[in-house]
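Read the structure below first, then the notes.
The values are calculated or read from the model by the stated rules, or taken from the named source; none is laboratory data. Given the structure is predicted, the values throughout are model-derived calculations rather than measurements. When we count neighbours, we look across all protein chains shown, and the Cβ atoms used for this are built from the backbone with ideal geometry, even at glycine. For the accessible areas, the whole protein counts, side chains as well, though only heavy atoms, and no ligand, DNA or RNA atoms are used. Shrake-Rupley method; radii C 1.70, N 1.55, O 1.52, S 1.80 Å.
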Amino acid sequence: MYQEASFKTEQVVYAHTRSDEADMEYKMHCHNSYEIYYMITGNVEYLLEGRPYRPRPGSLLVIAPGCFHGLRVLDGNEYHRIRLHFAGEILSDRERELLLQPFGKNWGCLEEQFALEWYFHAIEDCGSYGKDLQDIAIRARILSLLACISAIYLKDPRRTYGAESQAQEVIRYINGHLGETLTLEGLAERFFMSKNHLTALFRQATGTTVARYILYKRMVIARKELALGTPAAEAACRAGFGDYSTFFRAYRKMFGCAPTDKSAMELPDMDKSGDF
């Protein structure tokens, strides 16, 4: 069984879903948009930048752009959730400064936020509006939701992150040095472990290899730069690609087109992106 009530605009994706099929494999991915998930029922586990998190009913999960994450459904009981993706451009500079603090640099969660479900249903109602009215209503209701989340967060900024592990040190280092040369050999040496041990540790924590993770995260940076109008060669350099030909081949393999082609699809899930 799968049911979904959803709508999509240029800057917002909303989906209210129910399903009862187990899926024990993480579907790892990341987006250039902000994401909010509200858990109603279900037995699921998220993996966010190598950290596991099991939400409970009423949990609110917020994910920043570029955060590498995936989900697995642990049993066949009903999984009922609401998700909202929105582009940061929907907010003014001042609104971004005030309302995006709960997202931090990667992700965070707030437990037992049952009262917030009303805000999501108010956004869902916008799906039946005409376009001009819809754009106004969606923005107003997202602002209202973000203001409420921010007020809750500021009262108690402690956020659940899941257990710390050795893999998080590696992930944190990679994300802080994407513009530099990163190799499996160099990382293994820095963290005093063998390449085989690092590979096994990293795959267990993230569901993918070190090389694929680095390439995927660099591609997120490059895509953001391209969207801002940065020339392709400069975008590749800022993202940490050693030379443009390497970036060009990787981009074409991942998206099926050149970096200058504006029709490229969204970043694929890691498990659907071939050698990436």
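Tell me the per residue accessible area of the chain using a 1.4 Å probe; a whole number in Å² is fine. Working shown, then result.
Values: 13810 Å² over 276 residues.
Accessible area per residue, the chain: 50 Å².
Can you pull the percent of the chain's accessible area that's carbon plus sulfur, 1.4 Å probe, other chains left in place?
Details: 7120 of 13810 Å².
That share works out to 52 percent.
³J(HN,Hα) across segment 78-89 via Karplus (A = 6.51, B = -1.76, C = 1.60, θ = phi - 60°), whole Hz, x for Gly/Pro?
Per residue, the Karplus-derived 3J(HN,Hα) values read 4, 10, 10, 8, 10, 10, 9, 10, 8, 7, x, 5 Hz.
Determine the gain in length on full extension of the stretch D93-R172; use 0.36 nm per residue of separation and subtract their C-alpha separation, reporting nm with one decimal.
Details: separation 79, 0.36 × 79 = 28.44 nm, distance 2.73 nm.
Net length gain for the segment: 25.7 nm.
Show the residues, 5+ positions off or on another chain, whose built amide H is closer than 5 Å to the amide H of G42.
HN-HN under 5 Å from G42: H80.
Using a simple charge model, +1 on the beta-carbon of Lys and Arg, -1 on the beta-carbon of Asp and Glu, nothing else, what dipole does segment 89-191 show about its Cα centre, in debye to the nearest 20? Could you put the intermediate results ahead of the total?
On the way: 11 positive and 17 negative charges, 44 e Å.
Using Cβ point charges on Lys, Arg, Asp and Glu, segment 89-191 gives about 220 debye.
Per-residue HN-Hα couplings for segment 185-190, Karplus 6.51 cos²θ - 1.76 cosθ + 1.60 at θ = phi - 60°, whole Hz, x for Gly and Pro?
Result, rounded to whole Hz: 4, x, 5, 4, 5, 5.
With an 8 Å cut-off on Cα pairs and a minimum separation of 6 or more residues, tell me the relative contact order of the chain in percent.
Details: 451 pairs, mean separation 49.8, N = 276.
It rounds to 18 percent for the chain.
Determine the gain in length on full extension of the stretch L133-Q101; use 0.36 nm per residue of separation and subtract their C-alpha separation, reporting nm with one decimal.
Full extension of this stretch gives 8.7 nm more.
Only loop residues by DSSP count here, and only those with at most 13 other Cβ atoms within 10 Å; note down the chymotrypsin sites (Phe, Trp or Tyr not before Pro) in segment 112-212 that meet that.
On the way: sites: F114, W118, Y119, F120, Y129, Y153, Y161, Y173, F191, F192, F202; in loops: Y129, Y161, F191, F192.
Taking segment 112-212 and a limit of 13 other Cβ atoms within 10 Å, the loop chymotrypsin sites (Phe, Trp or Tyr not before Pro) found are F192.
Explain nothing, just compute: Karplus ³J(HN,Hα) = 6.51 cos²θ - 1.76 cosθ + 1.60, θ = phi - 60°, for every residue of segment 221-226 in order, whole Hz, x for Gly and Pro.
Per residue, the Karplus-derived 3J(HN,Hα) values read 4, 4, 5, 5, 5, 4 Hz.
Distance check, please: which entries in K155/K195; K105/K262; K195/K262; K155/K262 exceed 32 angstrom between their Cα atoms?
Values: K155/K195 44 Å; K105/K262 27 Å; K195/K262 38 Å; K155/K262 42 Å.
With Cα atoms farther than 32 Å apart: K155/K195; K195/K262; K155/K262.
Work out how far the C-alpha atoms of segment 61-214 reach from end to end along every principal axis, then list the three figures in whole Å, largest first.
So the extents along the principal axes, rounded to whole Å, are 57, 42, 33.
To the nearest 10 square angstrom, what accessible area does K195 show with a 1.4 Å probe?
Surface open to solvent at K195 totals about 90 Å².
How much mean residue ellipticity at 222 nm does the chain get from its helices, if each DSSP H run of length 4 or more adds -39500 (n - 2.57) and you divide by all residues, to the nearest 500 deg cm²/dmol? The partial results should precede the final answer.
On the way: 9 runs with 108 residues, N = 276.
My calculation for the chain gives -12000 deg cm²/dmol from helical runs alone.
Using a basic spin-label model with each label point 7 Å from the Cα along Cα→Cβ, how many nm lie between E111 and T41?
Going from the E111 label point to the T41 one covers 2.2 nm.
So for the pair E21, K8, with labels modelled 7 Å out along Cα→Cβ, what separation do we get in nm?
With each label point 7 Å from Cα toward Cβ, the separation is 1.8 nm.
Order the following by accessible area, largest value first: K131, K155. Probe radius 1.4 Å; ligands, DNA and RNA are ignored. Don't jump to the answer; show the numbers that get you there.
Details: K131 135, K155 180 Å².
Descending accessible area places them as K155, K131.
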